[in-house]
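This report refers to the structure that appears directly beneath it.
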Amino acid sequence: MTDEIKEIKKKNRIIGRDNELMLALSALEANRHILIEGAVGVGKTEISKALTDHLGRSFCRIDGDEGYTEQKLIGWFDPPKVISLGYTWDSFDEGPIINAMKDGSILFINEINRMPEGTQNVLLPAMDERKVIVPKLGDVVAKPNFRIIATQNPEEFVGTAPLSEAIKDRFILIRLEYQTEEEERKIVKKETNCKDDALINLAVGIIRKTREHPDISRGSSIRGAIDLIKMVQKFKDKFSLNDDKLLELTKMALATKIEMHDRSFKQLEQVIKQIISEVKEVKEKSDSKKKKINL
């Protein structure tokens, strides 16, 4: 790991991701646009912001959705201003791509594969020729530092669609997988300030189990463990925590972060209860082995 990557990680409190940071930084310095693919909660936005900050650029964010039109991306003429000023730059409200090109900043597009294809196509001339044509006004040419960093969830996520070949061809792809169990524990500890290692191990073990359970089509991100621990910490300050309350808190933390398979006949609570039991069982066996070794 280079000193530059160490500096980025230290300043932004990033755990792991050495290789991904090196690859992304190299791509940006080579004047390439980046597409970061990964499941929800793997740190796509965090890495994008860290790199932007390291390069000393401003960060212009837009969130892709099916209602994000070409007009929202480029900008539009303000009718009252047009009446008084005509079709001039003073009567034009610039969209984020025009702002980013003029400033030479990073245009960050969150979940680009939720955008309509027509809106995506506006990006092509900006990426290829570094310019966009504004009707009635002419060309906007990007400053040298202009870059696009886009993120996308895997295609199996609800509401996403494959990017066109033309758009994909202009990007450098970096994939972010879920991090190691040890790294996820460190992330949870950092985000919650929890001193109870047993609780951290339990929470991380639960969310990791959701990613491989046969009744779950989409498992929880690290946010599930963070939310669970924060709620357990506050709950324990006022009430006694038993197995039933742990199940209830876990269900609250994970209900919005996992999706059940359509073919599953089990209820969410049944599956979470099973997962908690399995994780506890593994932990008890591990603790038992450690005791035998220490005898």
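Bear in mind that the values in this text are calculations on the coordinates, not laboratory data. Remember, predicted model here, so these are calculated numbers, not experimental data. As a convention, Cβ positions derive from the backbone with ideal geometry for all residues, glycine included, and neighbour counts pool all protein chains shown.
Among (1) 82, 47, 39; (2) 53, 46, 43; (3) 58, 44, 37, which one is Cα extents along the principal axes in Å computed from these coordinates? The value matching this structure is (1).
Would you please classify the overall shape of region 3-176 from the alpha carbon gyration tensor, given that a ≥ b ≥ c denote the square roots of the eigenvalues, rounded means a/c under 1.5, and beyond that prolate means a/b larger than b/c while oblate covers the rest? Kindly include the intermediate steps, with their values, before the conclusion.
Values: a/c = 2.20, a/b = 1.60, b/c = 1.37.
Cα axes put region 3-176 in the prolate bin.
Structural descriptor for region 181-282: relative contact order 29 percent, calculated from alpha carbon pairs under 8 angstrom and at least 6 residues apart.
So, in Å, what gap is there between the alpha-carbon centers of region 157-223 and region 46-100? Here the two parts' Cα centres lie 31 Å apart.
Suppose a student asked you for the relative contact order of the chain, using Cα pairs under 8 Å spaced at least 6 residues apart; what percent would you report? Before the final figure, lay out the partial values.
Values: 409 pairs, mean separation 52.7, N = 295.
That works out to 18 percent.
Modelled this way, with points 7 Å down the Cα-to-C-beta line, the labels at LYS238 and ALA30 are 5.4 nm from one another.
Treating r as the C-beta distance of ASN99 and ALA198 and R0 as 41 Å, the FRET efficiency rounds to 0.25.
Cα gyration tensor of region 206-295, axes a ≥ b ≥ c as square roots of the eigenvalues: rounded (a/c below 1.5), prolate (a/b > b/c) or oblate? Before the final figure, lay out the partial values.
Values: a/c = 2.08, a/b = 1.27, b/c = 1.64.
Oblate, since a/c reaches 1.5 and b/c is not below a/b.
Can you tell me how region 88-213 classifies by the Cα gyration tensor, rounded, prolate or oblate, using a/c under 1.5 as the rounded cut? It comes out prolate by the Cα gyration axes. DSSP finds beta bridges in the chain, and of those with both partners inside it, around 30 percent are antiparallel. Using the structure shown, list the pairs from LYS257/LYS280; LYS209/LYS266; LYS72/LYS102; LYS44/LYS251; LYS186/LYS238 with a Cα-Cα distance above 23 Å, or answer none. The answer is LYS44/LYS251; LYS186/LYS238. Beta bridges assigned by DSSP with both partners in region 1-153 are antiparallel in approximately 35 percent of cases.
The length gained by stretching the chain between LYS131 and LEU23 to full extension, at 0.36 nm per residue less their Cα-Cα distance, is 36.3 nm.
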